[in-house]
Amino acid sequence: MPRSTINRRHFLKHLAATSALAPAAAHLTGAIRANARELAKNHRAAILLWMGGGPSTIDIWDLKPGTATGGPFAPISTSGDVQICEHLPQLAKVMHHLAVVRSMSTREADHNRGRYYLHTGYVPNPNIKHPSYGAVISHELADQIVGLETPPFISIGGSSEGPGFLGMAYAPFVVDSNGRVRNLGSDMQPARLKTRLHMLREIEQRFITEKRGLAAEDHAKVLDKTVSLLTTDQVSAFRFQQEPEAVRERYGNTPFGRGCLMARRLVETGVPFVEVNFGGWDNHRDVFNTLQNDKLPVLDQAMSALIEDLQQRGLLESTVVLWMGEFGRTPRINANTGRDHWARAWSAVLGGCGIRGGIAVGKTNEDGTRVETEPYSAEDLMATVLKALGISLDVTYTSNNGRPMKIANGGRVIEPLFG
C-alpha cells in the first residue's frame, strides 16, 4: 500500500489510545524530573505557537500609531530594544529574550495554502506532500536523547501539517489542551485495549510480510513507541495538573495557557518538537475589540509564562520558541472594523537557542503596506530555526516520487538574528 494512502486520522486514533489510557497514577518523582531536566539541557527542541487564522501583527508587534492604518493601540517599551502593543505588558518584560522579524513577506494569502507554506517552506503541490516543521525537526533530532519514549512530534489543541514523504513515523501525535486524545473514549477497559492492540499488530504484520510498502512498517514502529507509554513515567509530561497551583495560574486557565504549560513539560522530558495551537485570529470584523478583550490577554499571560519558565529552568538556551500564523492582516481597516488577509508585510517572533533577543529585524513602511528592508520568506524563517537547532541546511531528502528536496526549501538564514 502506498504511504500516502494511510488515513492519518485512523492511524493517530490507534497510536493515541495508549496515552489516553495510561495509568492515572503514573507520576514523575522529584528525582526522575530532575534527571529529565538534566537530559533536556543536553538536547535541542522547538515549540511552535501557531496562531491559526492570520493574526493582525500590525496591531501586535509592528504598530503604526498616528496613521490612518494604525488602529487605536499604542506601543509600549519593553525589556529589549523594541516596542510592542500596550496590551502585552507581561510579554514586554521578557522581550529581551525574543526577536520580532517585521519584514516577513510571503506569497500565500489563502488560509489553507498559507498554513501549508508556513509549516513546510513549500507551496502546496498536488504531486508531493512536504514534511512540516515538526516532522523535519523530530526526524533530525529524535535520536539526540537516549530513552525518549514519547512520540517526537506532538501537537496540542489542534492538528498540524503532516510528515509528508518522511513517513508516518513522524506524524503529529495530537492531544487536546487537557492532554487527552480527541475523538477517543476514555472508558475503554485495559483488557479490551490489549485485545484491540493484538488484532492491530496481526494486521500490520500481514501487511509487512506481504511487502505492501513502508507505510505499515512506519505504522508499526510508531505504535510500538506509543504503547511504551503504558509503562513509562514520561507520560506524566501530559499531566499538567501535577504542577503547583501557582504555576498553573501563571500560565492561565485557558486552552492556550494549558497547552503552553504542557509544551514546557514535554520539552523538559525530551520531546524535540511541540506545536501549541491558538486559533481564532481571522478577524475580518471587530478586530480591535477582539484583540483587546479576547486574544491578547490570553497570549500575553501564556506566552510570557512559557518564556519565563523555560529561562528559569535553563531550557531556553536549548529551545527555540516560534510564534506565527499563516500571514498578517491588511493595514487598511475595512467597513466592519476588521482587517483582511495580508501576506505582503507582517511579523513573526522567535527566541531561544542562541537567537538574539530584544531586537526587531526588518522594517515596514510608514503605513505597514510593504516591507522596506530585505524581505524574508517562510523558507527563510524555517532555515533560521533549523540553524538555531544545529540542523545542517545541506540536508537533502528524496521525495516519494524520487525528487531531491532541499531541507527548508533552500531558505536563507536571517543572519541579524545571530550576532
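The values are calculated or read from the model by the stated rules, or taken from the named source; none is laboratory data. Keep in mind the model is a prediction, meaning the values are calculated, not measured. Backbone-built Cβ (ideal geometry, glycine too); neighbour counts: all protein chains shown.
So the values come out like this:
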| read-out | value |
| --- | --- |
| Flag if residue 140 is surrounded by fewer than 24 Cβ atoms within 10 Å (Cβ to Cβ) and either among the polar types (S, T, N, Q) or not in a loop (DSSP other than H, G, I, E, B) (or both) | yes |
| Yes/no for residue 350 being buried (at least 23 other Cβ atoms within 10 Å of the Cβ) and assigned to a strand (DSSP E or B) | yes |
| Matching option when the condition is within 22 Å of residue 279 (Cβ to Cβ) and out of contact with any Ser or Thr (no Cβ under 8 Å at 6 or more places or on another chain), among 334, 365 | 334 |
| One residue from 371, 320 being touching a residue at least 60 places away in the same chain (Cβ under 8 Å), under 20 Å from residue 412 (Cβ atoms), surrounded by 23 or more Cβ atoms within 10 Å (Cβ to Cβ) and of a type in the set (A, V, I, L, M) | 320 |
| First in the range 241-260 and in contact (Cβ under 8 Å) with a residue 24 or more places away in the chain, second anywhere and of a type in the set (S, T, N, Q), Cβ under 6 Å, 6 or more apart | 252/301; 255/177; 258/177; 259/177 |
| Within the range 404-419, tally of residues that are farther than 19 Å from residue 141 by Cβ and of a type in the set (Gly, Ala, Ser) | 2 |
| Residues being of a type in the set (Asp, Glu) and buried (at least 19 other Cβ atoms within 10 Å of the Cβ) - total across the range 55-106 | 2 |
| Test for residue 297: is it more than 17 Å from residue 47 (Cα to Cα), in a helix (DSSP H, G or I) and either among the hydroxyl-bearing types (Ser, Thr, Tyr) or modelled with pLDDT of 95 or more (or both) | yes |
| Test for residue 374: is it more than 21 Å from residue 325 (Cβ to Cβ) and outside any strand (DSSP E or B) | yes |
| Lone qualifier among 376, 397 - being in contact (Cβ under 8 Å) with a residue 40 or more places away in the chain, aromatic (Phe, Trp, Tyr) and surrounded by fewer than 18 Cβ atoms within 10 Å (Cβ to Cβ) | 397 |
| When residues of the range 406-416 are limited to those that are surrounded by 20 or more Cβ atoms within 10 Å (Cβ to Cβ) and of a type in the set (A, V, I, L, M, F, W, C), the one nearest to residue 361 (Cα to Cα) | 414 |
